[in-house]
1. Specify the angular offset, from 0 to 90 degrees and rounded to the nearest 10, of the alpha carbon long axis of helix 50-71 from the longest principal axis of the alpha carbons in the chain.
2. Straight-line reach from K58: which lysines fall under 22 Å, measuring Cα to Cα and dropping same-chain residues less than 8 apart?
3. If you look at just the Cα atoms of the chain, how large are its Rg and its Dmax in Å?
4. Using r as the Cβ-Cβ distance of R101 and R66, and R0 as 25 Å, what FRET efficiency do you calculate, to the nearest 0.05?
5. Ignoring ligands, DNA and RNA, what accessible area per residue does the chain give at 1.4 Å, in Å²?
6. Report, by chain and number, residues whose modeled amide H sits under 5 Å from the one on L77, excluding near sequence neighbours (fewer than 5 apart, same chain).
7. Computing the accessible area with a 1.4 Å probe over protein heavy atoms, can you report the carbon and sulfur percentage for the chain?
8. At 222 nm, what value in deg cm²/dmol follows for the chain if DSSP H runs of at least 4 each add -39500 (n - 2.57) and the sum is divided by all its residues, to the nearest 500?
Amino acid sequence: MTAACEIKGCKAEVPPALAEYHLCVLHFTLSVEDKCAGMRRETALGNAPHDRQHEIMKYITEHGERLARVATSGLPLTDDLKARILSTFLTLMNLRENLDR
């Protein structure tokens, strides 16, 4: 059984891979990109503690895998959603690259 996205006013369905987040694909990607922006600012100066860097790497891995499951699940996705998913992957990759600096 599918549920509606928990964002007020959004009527999109939540795909099974995102059920625990209660978000549709669009709002999940927006959430990930927003969180990545915050983490990127946090790590920009290069003084994030090792434990925090580990948490960020775990976030990148878990959300990247989740996004891959959504993208390859066979769900009918519009071209706009596909572009948003690819953009979110790029954001995750850039954050990971930022950690290496």
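1. 20
2. Excluding near neighbours in sequence, the set is K35.
3. Rg and Dmax of the chain, Cα atoms, are 14.5, 45 Å.
4. E between R101 and R66, to the nearest 0.05, is 0.45.
5. 66
6. Under 5 Å from the amide H of L77: no residue qualifies.
7. Within the chain, the accessible surface is 55 percent carbon and sulfur.
8. -21500 deg cm²/dmol
The values are calculated or read from the model by the stated rules, or taken from the named source; none is laboratory data. The structure displayed is predicted, hence computed values, not measured ones. Here Cβ is always computed from backbone atoms with ideal geometry, including for glycine, and neighbour counts include all displayed protein chains. Accessible surface is based on the protein model in full, side chains and every heavy atom, while ligands, DNA and RNA are left aside. Shrake-Rupley method; radii C 1.70, N 1.55, O 1.52, S 1.80 Å.
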